[in-house]
Structures are given as C-alpha cells and as structure tokens.
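Take a look at the structure below.
The values are calculated or read from the model by the stated rules, or taken from the named source; none is laboratory data. All figures in this text were calculated on a predicted structure; none of them were measured in a lab. We place every Cβ from the backbone using ideal geometry, glycine too, and count neighbours over all the protein chains shown. In case anyone asks, the SASA skips ligands and DNA or RNA and just uses the protein heavy atoms, side chains included. Shrake-Rupley method; radii C 1.70, N 1.55, O 1.52, S 1.80 Å.
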Amino acid sequence: ARRCYDPLRKGNAQPSDVCEASCVPILFVDGVRRQLPPTEVGAPRLYIGAVAFDLAVDEAAPMGMRRFELTMPWGAATHLAGLRLARPPTSDGITVQRPPPRGRFTYIAYGDSITHGYCAETPYPGLIGRLNNWTAINLGWGGIRVTPRHGPALGAIPADLISMLIGTNDYGGGNCEVAAGLSETLNGIREAQPDVPLVVITMIVRREAGDPHGDCSSDGGGGGVTLEQLREQLRREVNRRIHAGDRNLHLVEGGGLLSLGDLGDGLHPAGTDAMEKLARGINAHFHRLGLARTFHCYAERYPHLLEEYCGGTATECDWVALQRHWDQHGRVGGLRADCDAPPPPPPPPP
C-alpha cells in the first residue's frame, strides 16, 4: 500500500486536489518509459495491489539483454511485497543479472519542495541524472528555507557536483535576508569539499513574486522584500565569493527556467512536462558551464546534430533543443548520448 505525500491535508491518503502527488511506480525499458497497467485498487493515482506486465514488450528489436528499471514514486511510502519472474512456455530460458551501475559521477541536488518533486511524477534531479547517466541524490525537503546547519551535512556526502535551488520559502515566509544564511551554508560545504563544483540557482518564478513580503524596516513600520530582491541578495553573495577566489562556484538565473504557465499552483512545476523543462534548463546551464559533457559528446558524435544545433562547433549549442532531440528521437532511434561509446564508423565509399 502507498500513502500519497499530501502536505495540504495531513492524514488523508488521497493526493492533493491542488498538486497531484503521484503514487504510481515508473517503468523504464532500455531507458524508455513504459506505461504500467492499473492495479485493482485506487487507479489511476493510488497504486495498491499486484500488477503483472510483460517484460518482453512487443518491439521489432530482437530480444537480447534488456534493462528494466522500476522507479518508486517520490510522493509515497512504498512497500514492495515481492517480485516474481514467470518464464514463457515457449522460452528456452531467461537470464537475470544486476545491471551495470550508473556512472560514477555523483550529482547532489539540494533544495525545497520544488527539488523534492512536488506536483510532478519525477523530480528534476532524477531526470538530470538519467540524461547524463549520473548517480543523482535528491536532497529536496519540502518547506525548508535557507538553513546554514545543512551545509556541513551536504559537505559530508562525497559529490562531483552540487546544485542549490532554495529561497522561495524564505520569500513566502517573510524573511528579509538570505545572503548571510547562504554564505554560512556554503562555508559548511567548503570546509569538507573545498573544490567541488557548486551551482547556486536563484529562485524560479512564482505567482505573487512582485508583492513585498515580510516586515523589513528597521523601525517595524512595514515594508517587505520582493522575490527579485532576494534573488539579488543571492547574486551578490555568490559573485562576492567568486571574486574572492572560489573558482568552482557558479550562479544560474532560475527566473527564466519556467514561466507562470508552467506552474500548477502558482509555485510548483505543473506535472511531468514542466519538470522535464526545468531539468533540461538546469542541465543546459551545466553544459554551458562545462560541468557536464553528455550532450557535447552527443553533438560531436553525429555531424548532422553538430551542424543543426551547434553551428558546427560544440561550444555554443542549443543545449535545451539538443536534449529534446535526444528524448524524442535519439533514444528511440538507437543513437548514443554518452561519452564512452566509440564514434560511428565512416560511411562506406561510393
């Protein structure tokens, strides 16, 4: 049985009426998502009971070793009762083995409910990890604000890249100042990992972003801060540290990653499409900053992609469009988007 995550109505097992917190597992076959059949209880948003599905799937590709991944929902407490593999009567046998692990590159995404995944089936950290074949660790925690004591805890986890998308709850809660808290958080990370690449992402859009929140006057006479003013505090602190010598600290502007139309409740990305848009946007910045190379390799491996999306050189590509091509055409077309595969053979002579 799975109880949906629902911060709006504690104790109620139904998903939120405002933001649907999915309780359905996700099946990937060779990296391509497949629809799971419904169970006898609670379909489509709850997922309780036994489910059977055909691992062979009716595809034209010859059967060989296939990779199956069953991803548990982020918004549910999950109890997996068991897994049974039934051999078809006509089969000569089935070999089951553990798949090779994802790449040794570890990506940590730290943030609030937007990072946690609220309003979508798959949070953006997992999507970015899948795009780059990284091990993604999602440290999103619904409701948190800039919290300095989290810095040492983040620094204690070995990582190759850390991103921070946080601050919208400081604005919603009326906090007037976030730069000092961010600085302490970064200090805690840097004490343990002085050189790990760190990306601070300013807050994404939200519905009432232009309204001043909080009582930020020295005399208590009113006057709050807007979301953009808090973004500016983050910018100044990050740029101050960069100019002081932190060459592995980076700033990404979050305000343009989504539009208000992408939000389901005025705050969170509205479902899978919006979360995928957020993931591609953040991953595009990772590539622009030289922190990821997956789609450099993808473009360089296929000359027609290098020309169409990069103008012939993989320095200034349209990273979002290139990722979309991979999702919609490259993956299902058997192309390779990793940096380990050899280049394709040259065309045969005329």
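Counting only helices (runs of 4 or more DSSP H) that sit completely within region 288-340, those holding 3 or more residues that are closer than 16 Å to residue 105 by Cβ correspond to 294-301.
Scanning region 287-314 for residues that are buried (at least 19 other Cβ atoms within 10 Å of the Cβ) and touching a Phe, Trp or Tyr at 6+ places or on another chain (Cβ under 8 Å) yields 287, 292, 295, 298, 299, 305. Within region 240-276, the set of residues being part of a helix (DSSP H, G or I) and more than 23 Å from residue 131 (Cβ to Cβ) comprises 240, 241, 242, 243, 260, 261. Are any of the residues in region 62-70 at pLDDT below 75, assigned to a loop (DSSP other than H, G, I, E, B), surrounded by 10 or more Cβ atoms within 10 Å (Cβ to Cβ) and of a type outside the set (S, T, N, Q)? Scanning region 62-70, I find at least one residue that is at pLDDT below 75, assigned to a loop (DSSP other than H, G, I, E, B), surrounded by 10 or more Cβ atoms within 10 Å (Cβ to Cβ) and of a type outside the set (S, T, N, Q), so the answer is yes. The residues in region 127-140 that are open to solvent by 40 Å² or more (accessible area, probe 1.4 Å) and in contact (Cβ under 8 Å) with a residue 40 or more places away in the chain can be counted, and the count is 3. Do you know which residues across region 85-117 are loosely packed, with under 13 Cβ neighbours inside 10 Å and at pLDDT 75 or above? Answer for region 85-117, where residues must be loosely packed, with under 13 Cβ neighbours inside 10 Å and at pLDDT 75 or above: 96, 97, 98, 99, 104. Could you tell me whether residue 195 is more than 28 Å from residue 321 (Cα to Cα), modelled with pLDDT of 95 or more and either open to solvent by 60 Å² or more (accessible area, probe 1.4 Å) or of a type outside the set (Gly, Ala, Ser) (or both)? Against the criterion (more than 28 Å from residue 321 (Cα to Cα), modelled with pLDDT of 95 or more and either open to solvent by 60 Å² or more (accessible area, probe 1.4 Å) or of a type outside the set (Gly, Ala, Ser) (or both)), residue 195 qualifies. Give the residue, chosen from 136, 159, that is in contact with a Pro (Cβ under 6 Å, 6 or more places away or on another chain) and under 30 Å from residue 295 (Cβ atoms). The match here is 136. Kindly indicate whether any position in region 182-197 is outside any loop (DSSP other than H, G, I, E, B), within 24 Å of the chain's Cα centre (by Cα) and without any contact (Cβ under 8 Å) to a residue 40 or more places away in the chain. Scanning region 182-197, I find at least one residue that is outside any loop (DSSP other than H, G, I, E, B), within 24 Å of the chain's Cα centre (by Cα) and without any contact (Cβ under 8 Å) to a residue 40 or more places away in the chain, so the answer is yes.
For every residue, the table says whether it meets (1) modelled with pLDDT of 95 or more; (2) of a type outside the set (Gly, Ala, Ser); (3) not in a loop (DSSP other than H, G, I, E, B).
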site: 55; (1), (2), (3): no, yes, no
site: 122; (1), (2), (3): no, yes, no
site: 131; (1), (2), (3): no, yes, yes
site: 152; (1), (2), (3): yes, yes, yes
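For region 315-327, filtered to residues that are closer than 15 Å to residue 130 by Cβ and open to solvent by 40 Å² or more (accessible area, probe 1.4 Å), the residue that is modelled with the lowest pLDDT is 327. Based on what the data block shows, is residue 121 open to solvent by 40 Å² or more (accessible area, probe 1.4 Å) and either closer than 22 Å to residue 324 by Cα or free of Cβ contacts under 8 Å to residues at least 24 places away in the same chain (or both)? The answer is yes for residue 121.
Of the residues contained in region 217-224, none is found to be among the charged types (D, E, K, R), open to solvent by less than 30 Å² (accessible area, probe 1.4 Å) and closer than 21 Å to residue 173 by Cα. Which of the numbered conditions does residue 275 fail, given that it passes all the others? Conditions: (1) open to solvent by less than 20 Å² (accessible area, probe 1.4 Å); (2) touching a strand residue (DSSP E or B) at 6+ places or on another chain (Cβ under 9 Å); (3) within 29 Å of residue 177 (Cα to Cα); (4) modelled with pLDDT of 95 or more. Here residue 275 clears every test but (4).
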